[in-house]
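Asker: Shown below is the structure under consideration.
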Amino acid sequence: MIAGLADRLASRVTPDGLVKLYRHAPERITGAVVAHRFRETVRFAARHSPFYRAAFAARGIVASRVRGPSDLGDFYTTPDDVVKDPEAFLCRPPAIVFESSGTSGKNKQVYYGRDELHAMGVVMAAGSRLMGIGAEDRVANAFDFSIWIPGMLTHQSLLASGNFCLAFGKVDPIEVYRRIEQYRFNVVMGEPTWLIRLTELAEKHGSFPLKMLMGAAEEMPSQAIGWMEKVWQGAKVKMCYGSVELGSALGFQPCDKISGYHVDATDFLPEIIEPDDDGYGELVFTTLRRRVMPLVRYRTRDVTRMSSGRCVCGLPGPTMEKLRGRRDEMVVASGGNLYPLMFENILSKIPAITPDWQVIFKLEGVREIMEMHVEAAGHAADDRNDSACVNLTPDAQTQIREDIHAQATLQYPDFMKNLALGIFGLRITLHPAGTLRTGRKLKRLVDKRHYDAPAAHSGNGVFSRQIPVIAGEIGA
Ligand SMILES: [Zn+2]
């Protein structure tokens, strides 16, 4: 009963009230509120959503007897479940939908209510407060508004927080750069690759004394942070971890003591499943306050590690490390979610190349480079020559590159827009037929951007030493 009352009180607070709760609420009370919210969410989902009703019945789960995650046994909600029939999750009529690219190439759809959007805005605003953004700060919001969630969600949080703002959307960084002085913006928010592009402009044309650059939706290269803070005259560079399924951010960075995130463990119940010996496993979460499309034990496919207890900075609550990678092959890069099928769709339309290809994401300085390695069909390596040479005329090689560009532009204009904006660099390398594949299975997308430890680069996959959980999938 006390937990129910505390829950109702906590649902009504302002961003500043939430900050106080986060800092000072006794662990015993927050623990009871979380347990209460989890039970209520499971019962509500079982009562109102056809998906949960069927899934629980199939496993013999009686919702009224569920007290904690372990009572759900091996039940998890997967991204595929959401892709397959998102409306089967609905418990109430939705007000708004956002999409997120799925690994299968079909977008996931996540629905929210008007009150939920507002509540997420308050939570995000509280997170921003903890990160050092006050109501007096003037914010340029350059997160994408089209289809995806970050722009609108950030906008909600700025309204809840009372910041003066401009909802730019993901425009050419020069548009924001030109207006920083005019509107006296001191905080800029956008995707990391976009913020890097903005910083390159500032380095070239002159910078302004910003207070903070805040990124989300993809990883920020650690080597970029120091450089960005210097260019922007001492601004802090901070990150949030969120997704369209999470709605608000699960992870945020109120302190400088850890490179990972503090976790919002009152709106979500996070779990790490199938951990390896070092504790790294897949992040799973249950939404605790959503009633339009509650997600119970949702598998994010993101691999990380969590620590419980107080952070060294003194704030309570669990923390999580930066993501180590993904369980599947999707790579968040070049300003978007990229998956093997997308490249398959592009490259299969080019008759002059073989079906074998590999895309490697790397950093040159702070710049993201996408290396597309393809094989020229019918041009096997000549034993007498260097196997890296392709016996094609320069014109024929140029033609292949142009065809790939044209196909990518035709099928994925959003992605090629990011290339045009200079958010990443694209390099297409031609190899002789039959030279890319060294094992039975060719890893399609290789992410070499954030895995700097020397051990990580040994073996045939960048993940092989760091994520034993998926090691079996690499050479298999
Ligand atoms: Zn901390």
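Asker: Over every pair of different alpha-carbon atoms in the chain, take the mean of 1/r and invert it; report that Kirkwood radius in Å. Walk me through the numbers on the way to the answer.
Answerer: On the way: mean 1/r = 0.0420 Å⁻¹.
For the chain, the Kirkwood estimate is 23.8 Å.
Asker: Where the centre of each part is set by its Cα atoms, how far does segment 310-324 sit from segment 388-436, in angstrom?
Answerer: 42 Å
Asker: Turning to a different aspect of this structure: At 0.36 nm per residue, minus the direct Cα-Cα distance, what do Arg437 and His24 gain on full extension? Give it in nm, one decimal, please.
Answerer: Numbers: separation 413, 0.36 × 413 = 148.68 nm, distance 5.60 nm.
Here the answer is 143.1 nm.
Asker: Right, another one. Report the FRET efficiency, 1/(1 + (r/R0)^6), for Asp85 and Glu274, where r is their Cβ-Cβ distance and R0 is 41 Å, rounded to 0.05. Walk me through the numbers on the way to the answer.
Answerer: Working: r = 26 Å, r/R0 = 0.62.
Computed FRET efficiency for Asp85 and Glu274 comes out at 0.95.
Asker: Which distance in Å, rounded to a whole number, links the C-alpha centroids of segment 114-155 and segment 2-52?
Answerer: 21 Å
Asker: Moving on. Run the numbers for Thr393 and His405: contour at 0.36 nm per residue of separation, minus the present Cα-Cα distance, in nm. List each step's numbers first, then the result.
Answerer: Values: separation 12, 0.36 × 12 = 4.32 nm, distance 1.89 nm.
Extra length from Thr393 to His405 when fully extended: 2.4 nm.
Asker: Continuing with this model, one more query. How long are the semi-axes of the equivalent ellipsoid of segment 58-155, defined as square roots of 5 times the Cα gyration tensor eigenvalues? Whole Å, largest first. It would help to have the intermediate numbers written out before the result.
Answerer: On the way: eigenvalues 193, 75, 33 Å².
Semi-axes, largest first: 31, 19, 13 Å.
Asker: What order do you get for Asp81, Asp144, Asp16 when you list them from fewest to most C-beta neighbours inside 10 Å? It would help to have the intermediate numbers written out before the result.
Answerer: Values: Asp81 18, Asp144 22, Asp16 15.
By the 10 Å Cβ count, ascending: Asp16, Asp81, Asp144.
Asker: With +1 on each Lys and Arg Cβ and -1 on each Asp and Glu Cβ, and nothing else charged, work out how big the dipole of the chain is about its Cα centre, in Debye to the nearest 20.
Answerer: Numbers: 58 positive and 55 negative charges, 329 e Å.
Once rounded to the nearest 20, the dipole reads 1580 debye.
Asker: Pull out the extension gain between Leu159 and Ile174, defined as 0.36 nm times the separation in residues minus the alpha carbon to alpha carbon distance; nm, one decimal. Spell out each step's value before the answer.
Answerer: Working: separation 15, 0.36 × 15 = 5.40 nm, distance 2.47 nm.
Full-extension gain reported as 2.9 nm.
Asker: Still on this model: From zero up to wherever the largest Cα-Cα distance of segment 242-385 sits, split into 10 Å bins and tell me the percent of pairs in each.
Answerer: Bin by bin from 0 Å, the calculated values are 10, 29, 28, 18, 10, 5, 1.
Asker: So, R0 is 22 Å and r is the distance between the beta-carbons of Arg184 and Asp16; what FRET efficiency does that work out to, to 0.05?
Answerer: Working: r = 23 Å, r/R0 = 1.06.
The pair Arg184/Asp16 has a calculated efficiency of 0.40.
Asker: Same structure, new question: Can you tell me the FRET efficiency between Ala95 and Asn345 if r is taken as the Cβ-Cβ distance and R0 is 35 Å, rounded to the nearest 0.05? Walk me through the numbers before you get to the answer.
Answerer: Numbers: r = 33 Å, r/R0 = 0.94.
Result of the calculation: an efficiency of 0.60.
Asker: To two decimal places, what compactness ratio does segment 1-105 give when its Cα radius of gyration is scaled by 2.2 N^0.38 Å? Write out the running numbers ahead of the final one.
Answerer: Working: Rg = 16.5 Å, N = 105, 2.2 N^0.38 = 12.9 Å.
Normalised Rg, Cα atoms only: 1.28.
Asker: Where does the charge balance sit around Val231 when Lys and Arg score +1, Asp and Glu -1, over other residues with C-beta under 15 Å from its C-beta? Spell out each step's value before the answer.
Answerer: On the way: positive: Arg197, Lys204, Lys211, Lys230, Lys236, Arg367; negative: Glu200, Glu203, Glu229.
Within the 15 Å Cβ shell, the charges total +3.
Asker: Further, regarding this structure: For Lys257, give me every one of the lysines with a C-alpha distance below 20 angstrom, ignoring sequence neighbours fewer than eight places off in its own chain.
Answerer: Within the straight-line cut-off, Lys257 pairs with Lys211, Lys230, Lys236, Lys238, Lys322.
Asker: For segment 104-169, report the convex hull volume of the alpha-carbon atoms normalised per residue, in Å³, without decimals. Write down the numbers at each step before the final one.
Answerer: Working: hull volume 6.1 nm³, N = 66.
With only Cα atoms used, segment 104-169 gives 93 Å³ per residue.
Asker: Whole-Hz Karplus ³J(HN,Hα) for segment 61-71, in order, using 6.51 cos²θ - 1.76 cosθ + 1.60 and θ = phi - 60°, x for Gly and Pro?
Answerer: Per residue, the Karplus-derived 3J(HN,Hα) values read 8, 9, 4, 5, 9, 6, 10, x, x, 5, 5 Hz.
Asker: Viscosity 1.306 mPa s, temperature 10 °C: what is the translational diffusion coefficient of segment 126-250 from Stokes-Einstein with a Kirkwood Rh over Cα pairs, rounded to a whole number of µm²/s?
Answerer: Estimated diffusion coefficient is 111 µm²/s.
A short reminder: the numbers here are calculations on the coordinates, not readings from a lab. No experiment lies behind these values; they were computed from the predicted model shown. Methodologically, a virtual Cβ is constructed for each residue, glycine included, from the backbone with ideal geometry; neighbour enumeration extends over all protein chains shown.
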